[in-house]
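Values in this text are rule-based calculations from the coordinates and carry no lab data. Because the structure is predicted, anything quoted here is derived from the model rather than measured. Note: ideal-geometry Cβ built from the backbone for every residue, glycine included; neighbour counts use all protein chains shown.
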Amino acid sequence: MDYTKLSKEISYALRHAPWEYELELDRDGFVPVGQLLNAVNETGKYDKIITADDLFHIIETSDKKRHELRNGKIRALYGHSIPMHISKEPLTPPDNLFTAQHIKLLSGS
């Protein structure tokens, strides 16, 4: 399974052309996982049926954290070119937030 190819296609579908996959993003940019899986599998580009486990693998192994799963839905976290505003939850930063300089000092390097 070429997970890089699959990740790029999912990113394309969620960030740039949801209409090409007949996906309807909600106001937060999410679509139901089942809807995305159906759309990707209908393309016939893969030698196996893409499952939720494949999506989990992509998300868990990505160093760039491109996608988010929540409550049975998936969305791209950034890089959208579609003409809509993607709402994101504001988060409070942790009490201790370290920069690379802090880490360097703490490690003694």
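Values for this structure:
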read-out	value
Qualifying aspartates and glutamates (Cα of each under 17 Å from Cα of LYS48; at least 8 residues distant if same chain)	ASP2, GLU9
Low-density loop cleavage sites - chymotrypsin sites (Phe, Trp or Tyr not before Pro) in segment 23-67, where at most 16 other Cβ are within 10 Å (DSSP)	TYR46
Ranked list, fewest to most other Cβ atoms within 10 Å of each Cβ, for LYS65, LYS45	LYS65, LYS45
Cut-off 12 Å, label 7 Å out along Cα→Cβ of ASN38, residues of segment 9-28 by amide N	22-24
Where only C-alpha atoms are counted, convex hull volume of segment 1-73 per residue in Å³	87
Burial ordering of ILE49, ILE59, ILE10, fewest other beta-carbon atoms within 10 Å first	ILE49, ILE59, ILE10
